[in-house]
């Protein structure tokens, strides 16, 4: 199983791809990155640019399913609307590719990765780094996308062995 995790945004969309190892005992890192659009462009142009990039990622990396972060409440309604539009664009691109989508609230992702639904971004990033053996930390949006993908991988095949074996191998 190859999982594409997405952290949607209207200026940057983080993506991260992981897959189960052959014995399904751990999740392995494949690739991550940021899809970006010019800050000054109109919303439809920015989302179009990100959509093109997402389509290319899907065509190149061939995920079997997609995990995406749910929209969460913002203090600013304009920010919430922009995030919802970006998420909708991601869902449309994924739907056109014929992929299944799983959606996770931010607190569920945080709890899955760190054990606490109130974990900070730095704590999540460090755990993602340990869980999949990254040498350095990618940008926050890509790390968040990997966290969503890992959450799905651990939800679909919820075995303690995945977490324990990954941590033991990376720390040793």
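Laboratory data are not the source of any read-out in this text; all were calculated from the coordinates shown. Fair warning: this is a prediction, and the values are worked out from it, not measured in the lab. Positions of Cβ are backbone-derived with ideal geometry, glycine not excepted, and every protein chain shown enters the neighbour counts.
Structure data summary
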quantity: C-alpha center-to-center spacing [segment 8-47, segment 98-131] in angstrom; calculated: 14 Å
quantity: Residue-averaged [θ]222 nm for the chain, counting only DSSP H segments that reach four residues, each worth -39500 (n - 2.57); calculated: -17000 deg cm²/dmol
quantity: Stretch gain in nm, segment residue 43-residue 70, where the contour uses 0.36 nm per residue and the Cα spacing is subtracted; calculated: 7.7 nm
quantity: Using alpha-carbon coordinates, inclination of helix 77-96 to the longest axis of the chain, degrees; calculated: 70 degrees
quantity: Between 0 and 90°, nearest 10: helix 140-156 axis offset from the chain longest Cα axis; calculated: 60 degrees
quantity: Percent RCO, i.e. relative contact order, over segment 2-171, from Cα pairs under 8 Å lying at least 6 residues apart; calculated: 32 percent
quantity: Gaussian network model of the chain, Cα within-10 Å springs - most flexible of 26, 49, 59; calculated: 59
quantity: Theoretical gain in end-to-end length, residue 96 to residue 56 [0.36 nm per residue, Cα-Cα removed]; calculated: 13.1 nm
quantity: Theoretical FRET efficiency, 1/(1+(r/R0)^6), r = Cβ-Cβ of residue 135 and residue 31, R0 25 Å, to 0.05; calculated: 0.95
